[in-house]
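The values are calculated or read from the model by the stated rules, or taken from the named source; none is laboratory data. Bear in mind the structure is a predicted one, so any value in this text is a computation, not a measurement. Cβ sites come from the backbone with ideal geometry, for glycine too, and all protein chains shown count toward neighbours. Each accessible area value is taken on the protein alone, full model and side chains, heavy atoms only, with ligands, DNA and RNA left out. Shrake-Rupley method; radii C 1.70, N 1.55, O 1.52, S 1.80 Å.
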Amino acid sequence: MKESIEKALNDQINAELYSAYLYKAMEMYLHSIDFPGMANWMKVQTQEELAHAEGMIQFINLRAGRVSLYAIEMPKKEWASPAEVFKDAFDHEAKVVTVKIHKLVDLAIKEKDHAFNQFLQWYVAEQVEEEDNTSTLAIRLKKIGDNMPALMAIDTKLAARMFVAPVIPGTSVGAP
Ligand SMILES: [Fe+2]
Ligand SMILES: [Fe+2]
């Protein structure tokens, strides 16, 4: 694989690991203010991000590239409310991760690496889902404000989320 692509994908692995770290920080904050269901939702989100990174790691190995594990930035620790947490999660997905994934597609096209482009398409679709999930929850929580019964109802609902490994084509992630 071309060096420019190896470098860009290694940067993206770092971004996915940072996402996992950020959602873990959000999980800890939500625990600290006693919303275990929302914390569970973030815990599952962290597991998803680790799977995203793993898919990219496997793709680099498959193409005889070399994985570089860079330092992971420290996420913030405190938020003002659950609504702010989910708004931040949405902003992170839409303004950071999706933009980065789209830039990788631009690079794949520029370098005429069709296999890389095809690999990335799963992530392009995944971002549509990530943005939808986080924006739905952010909007709902904003509407609810500090209505405790409504917050508790959402918390109970989010407690049911379970991790199902995503199936990332061309990798063993999510394969039976
Ligand atoms: Fe991700
Ligand atoms: Fe994500």
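Would the stretch 80-91 turn up any residue that is farther than 20 Å from Leu151 by Cα and open to solvent by 60 Å² or more (accessible area, probe 1.4 Å)?
The first filter runs over the stretch 80-91 and keeps only residues farther than 20 Å from Leu151 by Cα, leaving 91.
Subset that is open to solvent by 60 Å² or more (accessible area, probe 1.4 Å): none.
Among the residues of the stretch 80-91, not one is farther than 20 Å from Leu151 by Cα and open to solvent by 60 Å² or more (accessible area, probe 1.4 Å), which makes the answer no.
Suppose we filter the stretch 37-69 for residues that are among the hydroxyl-bearing types (Ser, Thr, Tyr) and within 16 Å of ligand 1 (Cβ to nearest atom); how many remain? Talk me through it step by step, then tell me what you get.
The initial filter retains those residues of the stretch 37-69 that are among the hydroxyl-bearing types (Ser, Thr, Tyr), namely 46, 68.
Checking which are within 16 Å of ligand 1 (Cβ to nearest atom) leaves us with 46.
The number of residues fulfilling the criteria is 1.
From Thr156, Thr134, grab the single residue that is part of a helix (DSSP H, G or I), closer than 30 Å to His102 by Cβ and of a type in the set (Val, Ile, Thr).
Being part of a helix (DSSP H, G or I), closer than 30 Å to His102 by Cβ and of a type in the set (Val, Ile, Thr) holds for just one of Thr156, Thr134, which is Thr134.
Any idea which residue in the stretch 55-104 is nearest to Ala175 (Cα to Cα), counting only those that are acidic (Asp, Glu) and in a helix (DSSP H, G or I)? Spell out the reasoning first.
Step one: filter the stretch 55-104 for residues acidic (Asp, Glu), giving 73, 78, 84, 88, 91, 93.
Among the residues that remain, those that are also in a helix (DSSP H, G or I) are: 84, 88, 91, 93.
On the way: Glu84: 35, Asp88: 31, Asp91: 30, Glu93: 25 Å.
The qualifying residue nearest to Ala175 (Cα to Cα) is Glu93.
Residue check, Pro169 against (1) surrounded by 15 or more Cβ atoms within 10 Å (Cβ to Cβ); (2) more than 21 Å from Gln45 (Cβ to Cβ); (3) touching a residue at least 40 places away in the same chain (Cβ under 8 Å), all met but one. Which one?
Exception for Pro169: condition (1).
Condition first: more than 16 Å from ligand 1 (Cβ to nearest atom) and over 23 Å from Lys24 (Cβ atoms). Can you find one or more residues in the stretch 153-162 that meet it?
The answer is yes, given that some residue of the stretch 153-162 is more than 16 Å from ligand 1 (Cβ to nearest atom) and over 23 Å from Lys24 (Cβ atoms).
Determine whether the stretch 142-151 contains at least one residue that is part of a helix (DSSP H, G or I) and either within 16 Å of ligand 2 (Cβ to nearest atom) or under 28 Å from Ile60 (Cβ atoms) (or both). Walk me through it before giving the result.
The initial filter retains those residues of the stretch 142-151 that are part of a helix (DSSP H, G or I), namely 142-144, 148-151.
Those still in the list that are either within 16 Å of ligand 2 (Cβ to nearest atom) or under 28 Å from Ile60 (Cβ atoms) (or both) too: none.
Scanning the stretch 142-151, I find no residue that is part of a helix (DSSP H, G or I) and either within 16 Å of ligand 2 (Cβ to nearest atom) or under 28 Å from Ile60 (Cβ atoms) (or both), so the answer is no.
Quickly run through the stretch 92-127 and pick out the residues that are open to solvent by 10 Å² or more (accessible area, probe 1.4 Å), away from ligand 1 (no atom under 14 Å from the Cβ) and among the aliphatic types (A, V, I, L, M).
Val105, Leu107, Ile109, Ala115
Which residues, counting only those in the stretch 131-155, are free of Cβ contacts under 8 Å to residues at least 60 places away in the same chain, among the charged types (D, E, K, R) and surrounded by 12 or more Cβ atoms within 10 Å (Cβ to Cβ)?
Glu131, Asp132, Arg140, Lys142, listed by residue number.
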